[in-house]
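Below is one structure, written out as C-alpha cells; comments come after it.
Nothing in this text is a laboratory measurement; each read-out follows from the coordinates by a stated rule. Just so you know, these numbers come straight off a predicted model, no measurement behind them. With ideal geometry, Cβ positions are generated from the backbone for all residues, glycine too; neighbour counts draw on all protein chains shown.
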Amino acid sequence: MNLQEVFEENLKFLTRSTLDPDIIKKQFVQTENYFMQTVGYVDLPSGQIAVGDPFEYLYQKDLCPLMILRVRPGIYPVQLSFSKSSVAGIRICTARIKFNQMEDAVYYEIAGEYFEGSDAYVTGFPASSGMMAFISAEGATDYRRFALNWYRANPDTSLKDGYFVDVLEESVEKFPQYKKMKGDFAEWTVPYNAHKMFITTTGFGRGFYNAFWGFDANGEICELTVPMIDTELIDHAEADYMRVWDGAELCLATRRIAEEGCNVGYMYREEPDTSFPDSGWRFLEGNEDSEYLDDPDNSTMISIHEIASNNPLVIPLLHSPCGTAFFKNIYGEFAEDMADMDW
C-alpha cells in the first residue's frame, strides 16, 4: 500500500459516523511509531466551541457553526497525536481538546452543530485550506472582527499567507523537536479580548472532517476529538514498505530508469558506498552502451522503494547478497547472471 492508496482509503475513514476508542487511545500513547504532545490551550468562557477551517469559514458568521453541547467553562489543553512512518513521514493524526486528563474516552458520539439564527443541524466541517481550528464561541466573534478588519487593510492577500504564515513559523520556537513540522500548528491569541485559538493542519490536507464528543466510563464528556487519519492504514502501509526493503534507502539507476520510465532489465549489487545510505543495488534498462554508462551524468541516486514500486519483479531479489546480478530473459523473468559486469 503506497501513500496514494493510504490517502484514498483514509477518505472512507473520514466519512464514518462512529469512532473506535481503541484507535484513538493507541495514537495518544508514546511508541516507536506514535507520539503525542500538548501543544496549546483554548479558553471557553461559556463552554461553547466552534470548530472549523480558520481561513475559509470560521471568520464568516453564516459559515461558522457552533457545537450544540457545551462543557464546563474553563481553559483546556489541546493535544495532537503524530505518526511517523517511512511511507507517510510525520503526520498529525488526531486533534483533541481534553476536558478531563484523568479519564479516557470509552465511546464517542458525532458532534452536532448549528448556525446562529438557524434551526439547521449539521455535523462535520470542510477544511478547504488544509487546516482546522478550535476556538470558543466568543473567540470566534472576535476572530471574525479581526479577520474582516485585516481584509479591509489587505484586500489582495489571503489571511493564511499574509498573516498566519508568520504565526505558524514562530510556533516552531516553542517546539524545536518538531522542526520538520514547521508551520503545521500554533496557539494564537485573538486581539481585542485575548481569546485563544488553536490552529493545526489536517492529516492529509483538504477534506471533510467530523468532530466527536468523547465520553468516559461515567458518561461524562472528557474530550472533543477530530480524527484525521486511520492509523491502521499507516501501520499496514509501513508493514508492506518494510517487507519490500528494510535496508539502506538509496540505489543507483540510469536515467532511463529513474527519469524516462523504462523498466529494469538488469540489476546487480555491489559493496555499498559508506558515504551515504547506499543499498549497493544498481539498476539499468539493459540496453545502455558503454559510452552511456561511462558518463556519470547518465546515472542518479533514487529510492529503492521507488524502483520497486515501478518494477515489482525486482522485489524478491532485493535481499540477494553483494556480488549477485540478474537480467530479464526472453520470458520477461529475472534470471541470475553468472558473468561479471562493470557499472
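Compare the peptides 115-121, 262-268, 69-75 by average per-residue count of other Cβ atoms within 10 angstrom and give them in order, highest first.
On the way: 115-121: 10.1, 262-268: 21.0, 69-75: 13.7.
Ranking the peptides 115-121, 262-268, 69-75 by packing returns 262-268, 69-75, 115-121.
Using every alpha carbon pair in region 247-336, what percent of pairs falls into each 10 Å bin from 0 up to the bin containing the largest distance?
18, 55, 27, 1
In region 135-205, what GluC sites (Glu not before Pro) fall in a loop by DSSP, with at most 12 other Cβ atoms inside 10 Å? Could you put the intermediate results ahead of the total?
Working: sites: 138, 169, 170, 173, 187; in loops: none.
Sparse-neighbourhood loop GluC sites (Glu not before Pro): none present.
For region 140-281, state the average projected area of the convex hull of the C-alpha atoms over all orientations, rounded to one decimal in nm². Display every interim value, and only then the final one.
Working: hull surface 64.0 nm².
The Cα convex hull of region 140-281, projected and averaged over all directions, gives 16.0 nm².
Can you give the net charge of the other residues whose Cβ lies under 9 Å from the Cβ of residue 322, counting K and R as +1 and D and E as -1? Intermediate results must be reported in sequence, preceding the final value.
Details: positive: 269; negative: 270, 271.
Residues close to residue 322 contribute a combined charge of -1.
For the chain, with only Lys/Arg (+1) and Asp/Glu (-1) charged at the beta-carbon, what is the dipole magnitude about the Cα centre, in debye rounded to 20?
On the way: 27 positive and 55 negative charges, 398 e Å.
The calculation lands at about 1920 debye.
Return the sequence-ordered ³J(HN,Hα) values of region 42-49 in whole Hz as given by the Karplus equation 6.51 cos²θ - 1.76 cosθ + 1.60 applied to θ = phi - 60°, using x for Gly and Pro.
So the J values, rounded to whole Hz, are 10, 9, 10, x, 10, x, 9, 10.
Kindly write out, for region 274-288 in residue order, the coupling ³J(HN,Hα) from the Karplus curve 6.51 cos²θ - 1.76 cosθ + 1.60 (θ = phi - 60°), rounded to whole Hz, with x marking Gly and Pro.
7, 7, 7, x, 9, 7, x, 7, 10, 10, 10, 5, x, 10, 5
So what's the gap between the Cα centers of region 138-167 and region 252-287, to the nearest angstrom?
Answer, in whole Å: 50.
Based only on other Cβ atoms within 10 Å, what is the fewest-to-most ordering of 84, 174?
On the way: 84 16, 174 12.
Ascending Cβ contact count within 10 Å gives the list 174, 84.
Given an 8 Å cut-off on Cα distances and at least 6 residues of separation, report the relative contact order of region 165-298 as a percent.
13
Of 21, 313, 234, which is farthest along the charge dipole of the chain in the positive direction, counting Lys and Arg as +1 and Asp and Glu as -1 at C-beta?
Projecting each Cα onto the dipole axis, the largest value belongs to 21.
Want the number for residue 149 to residue 260: 0.36 nm per residue separation, take away the alpha-carbon distance, what's left? Walk me through the numbers before you get to the answer.
Working: separation 111, 0.36 × 111 = 39.96 nm, distance 5.13 nm.
Gain in length upon complete extension: 34.8 nm.
Which residue fluctuates most in the GNM of the chain (Cα springs below 10 Å): 78, 190, 165?
165
Got the relative contact order for region 247-336 handy, in percent, Cα pairs under 8 Å and 6 or more residues apart?
Result for region 247-336 is 36 percent.
For the chain, which DSSP H helices look membrane-span-like by this rule: Cα extent along the axis of 15 Å or more and mean Kyte-Doolittle of at least -0.5? Don't skip to the end; give the middle numbers.
On the way: long enough: 3-14 (16 Å, -0.02); 137-153 (25 Å, -0.87); 231-244 (20 Å, -0.41).
Within the chain the helices that satisfy the rule are 3-14, 231-244.
Quick check: the distance between the Cα centres of region 12-68 and region 74-90, to the nearest angstrom?
11
Mind sorting out which of (i) 20.4, 73; (ii) 25.5, 80; (iii) 19.0, 57 is the real Rg and Dmax of the Cα atoms in Å computed from the coordinates?
(ii)
Could you give the length gained by full extension between residue 242 and residue 86, i.e. 0.36 nm per residue of separation minus their alpha carbon distance, to one decimal place?
On the way: separation 156, 0.36 × 156 = 56.16 nm, distance 0.85 nm.
The span from residue 242 to residue 86 would gain 55.3 nm if fully extended.
Relative contact order (percent) for the chain, with alpha-carbon contacts under 8 angstrom and 6 or more residues of separation? Write down the numbers at each step before the final one.
Working: 701 pairs, mean separation 61.9, N = 343.
Taking the mean separation of contacting Cα pairs over the length of the chain, I get 18 percent.
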